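Structure first, commentary second.
Any read-out appearing in this document is the output of simple, stated calculations on the displayed coordinates, not a laboratory observation. Treat the numbers as computed from the prediction; the structure is a model and nothing was measured. Here the Cβ is made from the backbone with ideal geometry for all residues, glycine too, and neighbour counts use every protein chain on show.
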Amino acid sequence: MHLYDFAKNLVLEAGNNIRKWMHEDIEIESKSNPNDLVTNVDKAVETFIVSQIEAQYPHHKMIGEEGHGHDIDSTQGTIWVIDPIDGTLNFVHQKQNFAISVGIYKDGKPYAGFVYDVMRDILYHAKASHGAFKNEMPLPQLQNTLLKESIVGLNPNWLTKPKMGSILQPIIRDSRTARAYGSAALEIVYVATGLLSAYMTPRLHPWDYAGGLIILQEVGGSGTNFLGEPLSITTHSTVLFGNKAIHEEILNHYLSPYRNELIAMQQRYQ
Ligand code: 2AM
Ligand code: CA
């Protein structure tokens, strides 16, 4: 079977497992802080996905949120970047609004991206240079928008942080309004489908965006860090996604004046 079809079927099967396993006892633990949760389902889904890939493609590498490949720092070879449940807080509290995110990169170049909205049974997917799809419907190229006529995705917690909040507040003030959905992968595909014009957050891991980024790029959208640099699939960073015009507007008018502060903050997060 072709790699793209294998990955697509695997993501759909993993989603099927989540819909079954979520009715059993869910064990919840916290990770870096009391609100950073992981469940036995996150771990079981990552194990399922990784074991299926290992059986079919023993030479492929995998980076997964729940522990696989965190020491990988080279982009050589075929690398799967996997978030078994993106939006774990939503999974625990709402039993909806979470996604499986998978990005496949070959020698650092995008190959294919998958973001599966498990409870709505919507698979967003794209193969580089072959267009993006919402289930079987092709996604059109993005329209450019200005910030003042746009809805921006941003987690409101960031506005409560003194330094980062003061950088981000003018962007929200000058937008039409802000929205937060609690799953970065879904928020990126909402940019790719035009529900949001931009989505930004000061700290995201490659597994949260590796899949969505490929889908967004296929519809002509942009994704970089807050300094306008390309995103890495091996290290976390600030992230800004949007149609080309709003992405440039936010970078040039709102973030570049804070370049030195942003570099200092990025170093502190390492
Ligand atoms: P997760 O559910 O896979 O942990 C919520 O706004 C989004 O940010 C989710 O996609 C969530 O991913 C991610 N997220 C939550 N805590 C994070 C942290 N400490 N660092 C980076 N990303 C985080
Ligand atoms: Ca996760």
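Annotations for the structure displayed:
- The chain: most fluctuating residue of Leu255, Leu216, Leu37 per GNM, C-alpha cutoff 10 Å: Leu37
- Candidates Gly87, Asn260, Leu204 compared by Cα position along the dipole of the chain: farthest toward the positive end lies Asn260, with charges placed on Cβ.
- Straight-distance crosslink candidates among aspartates and glutamates, where the alpha carbon sits under 15 Å from Lys61 and sequence neighbours closer than 8 are dropped: Glu46, Asp71, Asp73, Asp83, Asp107
- DSSP beta bridge pairing in the range 142-255, given as percent antiparallel to the nearest 5: 60 percent
- Here's the picture: a label point sits 7 Å out from the Cα of Thr75 along the beta-carbon direction, and within the range 206-222 the residues with their amide nitrogen under 17 Å of it are 206-218, 222.
- Lysines with Cα under 16 Å of Lys127, excluding same-chain neighbours fewer than 8 positions away: Lys8, Lys106, Lys109
- Highest GNM mean-square fluctuation among Phe48, Phe241, Phe114, for the chain modelled with Cα contacts below 10 Å: Phe48.
- Spacing of the two label points (7 Å from each Cα toward its C-beta) at Thr160 and Leu146, in nm: 3.4 nm
- Placing +1 on the Cβ of every Lys and Arg and -1 on the Cβ of every Asp and Glu, with no other charges, gives the chain a dipole of roughly 740 debye about its Cα centre.
- Label-point gap, in nm, between His60 and Arg173 - each point 7 angstrom along Cα→Cβ: 4.7 nm
- Considering only Leu142, Leu159, Leu89, the Gaussian network model of the chain with Cα springs below 10 Å gives its largest mean-square fluctuation to Leu159.
- Note on Lys161: lysines with a C-alpha under 26 Å away, same-chain residues under 8 apart excluded, are Lys31, Lys148.
- Gap separating the Cα centres of the range 87-123 and the range 156-199, nearest whole Å: 19 Å
- Segment Trp21-Arg203, extension gain: residue separation times 0.36 nm, minus the distance between their alpha carbons: 62.6 nm
- Fewest-first ranking of Thr75, Thr201, Thr234, using other Cβ atoms within 10 Å as the exposure measure: Thr75, Thr234, Thr201
- Hydrophobic, long helices, defined as DSSP H runs whose alpha-carbon span along the helix axis is 20 Å or greater and whose mean Kyte-Doolittle value is at least -0.5, occur in the chain at 3-21, 40-56.
- In the chain, the calculated helix contribution to ellipticity at 222 nm averages -11000 deg cm²/dmol per residue, counting -39,500 (n - 2.57) for every DSSP H run with n ≥ 4.
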